[in-house]
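To keep things clear, I will list the structure first and then write my remarks on it.
The values are calculated or read from the model by the stated rules, or taken from the named source; none is laboratory data. Keep in mind that what you see is a predicted model, and the values were worked out from it rather than measured. Note that each Cβ is placed from the backbone with ideal geometry, even for glycine, and that neighbours are counted across all protein chains shown. Quick note on the areas: whole protein, heavy atoms, side chains included, nothing else; ligands and nucleic acids left out. Shrake-Rupley method; radii C 1.70, N 1.55, O 1.52, S 1.80 Å.
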Amino acid sequence: MKFVFVFLILLAGLKVHAEESAWKIGIGGGYSPNFLVALKNEETPTSGTTTTRNYDMEYSGASGFSLHIWYAPKNSWGAISGLEYGGVRELKKLTYNGMSTTSFGAASQYQQHNIYGGTLYRWDSFYIPLALNYGAVNFKPASTFLGSYEAKGGMGAMLGVGWFIGEHIVIEYVGRSSTTELNTTTTAGTTKGTGTIASAMLTLKLMY
């Protein structure tokens, strides 16, 4: 009788494992160590001609929170989608015409949230995600800025690597980029900036 009882438990375990769903809903938390905003600015003074300047702005790292809906069968292509909420970042380095500075009396702030959808290829544990994403941005200029401003997000793409630890714990590292605009108006003139935002994210996810 004891043998039959143990056999039934093992059989039930095998059945649950076999019926493990490839559909997964999960939450994640992680850290993004870098955030680079590269802008090409068309600067038009109130009196004078328009000039073009390039700026690279490096912002601090930030934590993030995410929600995910995946279809991730083993040894096959799948589908991924999700929402990611990013923390606030402060400017730590500005490069213009090859000259950089890290000294700011007041620093601007950037924040980006992403929605993504795409595919993955999963082996047994290792997988590669590839997706399109839209980045919505919040921008806060330095406290010394006097004028109006408008920041816009845009479309982009993400690519990464990840590992399933069992079926419910996932570690993932992705890099992503998206387009952006930053326009300002002051008494000195107007600036129209277009460019890209590039960042990376290391995330721990719980998927069920």
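Summary table
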| quantity | calculated |
| --- | --- |
| Every residue from region 88-116 that is in contact (Cβ under 8 Å) with a residue 12 or more places away in the chain, open to solvent by 20 Å² or more (accessible area, probe 1.4 Å) and assigned to a loop (DSSP other than H, G, I, E, B) | Val88, Asn97, Phe104, Gly105, Ala106, Ala107 |
| Complete set of residues in region 169-189 that are touching a residue at least 24 places away in the same chain (Cβ under 8 Å), under 21 Å from Leu83 (Cβ atoms) and buried (at least 17 other Cβ atoms within 10 Å of the Cβ) | Val170, Glu172, Val174, Arg176, Ser178, Thr180 |
| Given (1) at pLDDT below 95; (2) open to solvent by 60 Å² or more (accessible area, probe 1.4 Å), index of the condition Lys192 fails | (1) |
| Ser199, sole failed condition from (1) modelled with pLDDT under 95; (2) hydroxyl-bearing (Ser, Thr, Tyr); (3) in contact with a Leu (Cβ under 8 Å, 6 or more places away or on another chain) | (1) |
| Of all residues making up region 142-199, the number that are under 30 Å from Ser47 (Cβ atoms) and within 23 Å of the chain's Cα centre (by Cα) | 10 |
| Residue within region 117-132 that is in contact (Cβ under 8 Å) with a residue 60 or more places away in the chain and surrounded by 19 or more Cβ atoms within 10 Å (Cβ to Cβ) present | no |
